[in-house]
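To keep things clear, I will list the structure first and then write my remarks on it.
The values are calculated or read from the model by the stated rules, or taken from the named source; none is laboratory data. Keep in mind that this is a model prediction, so the values were computed, not measured. Positions of Cβ are generated from backbone atoms using ideal geometry, with glycine treated the same way; all protein chains shown enter the neighbour counts. We work out accessible area using only protein heavy atoms, side chains counted, and drop any ligands, DNA or RNA first. Shrake-Rupley method; radii C 1.70, N 1.55, O 1.52, S 1.80 Å.
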Amino acid sequence: VVRSLESGVGSTKLLAIIANLRGAEEASVYDAITYLGFPFSVSETFQQRNTNSSINESLSRVEEIQNLCIKTGKELVIYISMAFGNPYGDLYDEEIVFEWVNRIVGMDVGIISLADTVGVATAEQVYDMTSYLIESLPGTEIGVHLHSTPQNWKEKLDAAVKAGCMRFDGALKGIGGCPMANDELVGNMNTEWMISYFEENLLSPQLNKEALEESLRIASEIFV
């Protein structure tokens, strides 16, 4: 897939999600891939299910992958999954999230994305946690990876924008989501809705709308 993209990537920067050092090593050989993304969960249950490792083992993986990124010129993005709560009964509060974020930032990781993995976040939570990290970690890029329903996507997105966030994840047509989600409607945030919001609020960069429409057409054929 990456080889097919390399000739036409243009100014777009690609990110590969990896779960361990081996995956990072395989992804890092491609010049077209700029970012390596690692899902680090503050939920012990989810971390085991998602990457087959404990939280502490995953912290060691973060260190290994960060060292690899430094050697290969890649940039590591850490997704803090279950950042807003979890359905497993694992111990959770905002201070736990902040503690792990600070430990990861201490490894010189420059990009942290708060992930609403199962769509439990409230708009108030998104605002409070995102604004706190942006203010307390001025040298770190703080993003959000929000899952939502058609009813609450805008209030969550609006909360992140008002908190000062400038990095957002989305998915074409809102496809995908966490396989452990309790509600099948809680998928990734719809990219088209996000673009419309950003345009209405004069926050959107110049986009190739023809390419976007073609991408949506292809997505509709693949995901039926």
Item to check | Principal axis dimensions, largest first and in whole angstrom, of the range 81-192 by Cα | outcome: 36, 31, 23
Checklist entry - Given N residues in the range 29-71, what is Rg(Cα) / (2.2 N^0.38 Å)? => result 1.29
Checklist outcome for this item: If R0 = 35 Å, then S4 and I96, at their Cβ-Cβ distance, give a FRET efficiency to the nearest 0.05 of 0.25
Next on the checklist: Under the 0.36 nm per residue contour assumption, what length would be gained going from the current alpha-carbon distance of V29 and Y132 to full extension?
Outcome noted: 33.5 nm
Next on the checklist: What number comes out for accessible area per residue over the chain if the probe is 1.4 Å? Units Å², please.
Outcome noted: 53 Å²
Checklist entry - In nm, what is the difference between 0.36 nm times the number of residues separating I70 and T45 and their Cα-Cα distance? => result 6.0 nm
Next on the checklist: Please report the spacing between the Cα centers of the range 79-110 and the range 121-172 in Å, no decimals.
Outcome noted: 15 Å
Checklist entry - Please identify the chymotrypsin sites (Phe, Trp or Tyr not before Pro) of the range 1-74 that satisfy two criteria: DSSP loop assignment and at most 11 other Cβ atoms within 10 Å. Which are they? => result none
Next on the checklist: Kirkwood Rh over alpha-carbon pairs of the range 25-116, then Stokes-Einstein at 37 °C and 0.692 mPa s: what D in µm² s⁻¹, rounded to an integer?
Outcome noted: 243 µm²/s
Checklist entry - Assigning unit charges at the beta carbon (Lys, Arg +1; Asp, Glu -1) and nothing else, what dipole magnitude in debye, to the nearest 20, does the chain show about its Cα centre? => result 480 debye
Checklist entry - When the accessible area of the range 45-168 is split by element with a 1.4 Å probe, what percent falls to carbon and sulfur? => result 45 percent
Checklist entry - If each of I222 and S11 carries a label point 7 Å out from its Cα toward its Cβ, how far apart are those two points in nm? => result 2.4 nm
